[in-house]
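The values are calculated or read from the model by the stated rules, or taken from the named source; none is laboratory data. Quantities reported herein were computed from a predicted structural model and do not represent experimental measurements. Virtual Cβ from ideal backbone geometry, glycine too; neighbours counted across all protein chains shown.
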Amino acid sequence: MGLIYEKLVRRALFTLDAEHAHELGIDALTVLSALPPLCRLMERWNGLPAATARPVEAFGLKFPNAVGLAAGFDKNATAWPAAAALGFGHVEIGTVTALRQPGNDRPRAFRYPASEAVINRMGFNNHGAEAVARRLARRAGPGQRRIPLGINLGKSKVAPLDQAVADYLVSFNLLAGHADYLVLNVSSPNTPGLRQLQDGDRLRDLLGAVTAANRARATTPGQGRKPLLLKIAPDLNFRQIDAVLETIAEFGLDGIIATNTTLARPGPFATVSEAGGLSGAPLRQRSTEIISYISRATHGRLPIIGVGGIMDAAGAGEKLDAGATLVQLYTGLVYRGPFFAAEIAQALADRQRT
């Protein structure tokens, strides 16, 4: 299937603007999501047989395999029910902000096929937390889904940094009840000032407020505490990562996602003028280095979701070997096609048996 996609479908899609091609993919999966019998049939076809499956347990959740769909693909929670049909073991929607926002001006996504990379400056374009919550309320909820659903939360662009905590809390309160786990995204390079929330007191203020709201859920009938993760940038140095890990430990977060896209422009990208975050193959080594560092620094006790540059089974295995518990894909789908997750999950299961 991968070869057919690369030879035929990808060639046609790559004649289109990158964002337009993405929208067509979302539309197709939204239609598939409305056809549960077909989704179940595809899930049986693309899923791992029970005899060879290697389920994963992390932050109190069970994942049928280690491969997830990263945030950024399904920003508005329209296509996620089809993820299991494609072979994913979990799916993360968003990034969702408290307020509806259009994102940055188009064009804002650019492919670089020779490097198997993408640069994007989308800017958290999404329908807003209230609309996404209404959409999720019409679907199966936590504990009733085929695979776990994560919700990635970000800061609204119009919210100044001194109001960021309140902005995140609006999204948290609207969406926590619909999530199997939640992610605080403080690492996108495409919202002005957002990455400053990774620093010192700002991060402590954010984590303190959100973890307090999460604890309050645990004492509220019919609710309950949700696993909470932080997504960090690959452009942090190890000293900065140490500070982030200290804050994560202080507030008892359940895990970390490493990493988001990078502002670095390695190799042939040194002369590329497009602003935005770089993803895909050029990010592979740096994200793996950070995963390895976090795993060693926390003695393997902090669950890590590894993201960045997974373009084949070796790239996914590399991140697991470095200390990741789960991995996520996005840019790999652009270059390898919709059944890439199923291929990676099968390869990882085969790898564990050898």
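Tabulated data for the structure shown
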read-out: Complete set of residues in region 261-286 that are under 18 Å from Pro113 (Cβ atoms), part of a helix (DSSP H, G or I) and in contact (Cβ under 8 Å) with a residue 12 or more places away in the chain; value: Gly267, Pro268, Phe269, Ala281, Pro282, Leu283, Arg284
read-out: Conditions (1) touching a residue at least 60 places away in the same chain (Cβ under 8 Å); (2) more than 23 Å from Thr259 (Cβ to Cβ); (3) acidic (Asp, Glu); number of the one not met by Glu92; value: (2)
read-out: In region 134-144, the residues that are farther than 20 Å from His90 by Cβ and assigned to a loop (DSSP other than H, G, I, E, B); value: Arg138
read-out: Flag if Asn152 is of a type outside the set (Gly, Ala, Ser), closer than 26 Å to Phe269 by Cβ and within 15 Å of the chain's Cα centre (by Cα); value: yes
read-out: Cross-chain or 6+ apart pairs with Cβ under 6 Å, region 13-38 first and over 16 Å from Thr78 (Cβ atoms), then of a type in the set (D, E, K, R); value: Ala18/Arg111
read-out: Selection within region 14-70 - of a type in the set (Phe, Trp, Tyr) and either under 20 Å from the mean Cα position of the chain (by Cα) or within 15 Å of Ile305 (Cα to Cα) (or both); value: Phe59, Phe63
read-out: Residues (over 19 Å from the mean Cα position of the chain (by Cα), among the charged types (D, E, K, R) and within 22 Å of Ser295 (Cβ to Cβ)) located in region 242-279; value: Asp242, Glu246, Glu250
read-out: Single match in Ala166, Ala131 (criterion: surrounded by fewer than 21 Cβ atoms within 10 Å (Cβ to Cβ), outside any loop (DSSP other than H, G, I, E, B) and touching a Lys or Arg at 6+ places or on another chain (Cβ under 7 Å)); value: Ala131
read-out: Selection status of Phe251, of a type in the set (Phe, Trp, Tyr), buried (at least 16 other Cβ atoms within 10 Å of the Cβ), within 26 Å of Ala58 (Cα to Cα) and at pLDDT 95 or above; value: yes
read-out: Ser171 being in contact with a Leu (Cβ under 6 Å, 6 or more places away or on another chain), over 30 Å from Ala117 (Cα atoms), among the polar types (S, T, N, Q) and surrounded by 19 or more Cβ atoms within 10 Å (Cβ to Cβ); value: yes
read-out: Candidate set: region 53-99, residues that are of a type in the set (Phe, Trp, Tyr) and in a loop (DSSP other than H, G, I, E, B); chosen: the one surrounded by the most Cβ atoms within 10 Å (Cβ to Cβ); value: Phe88
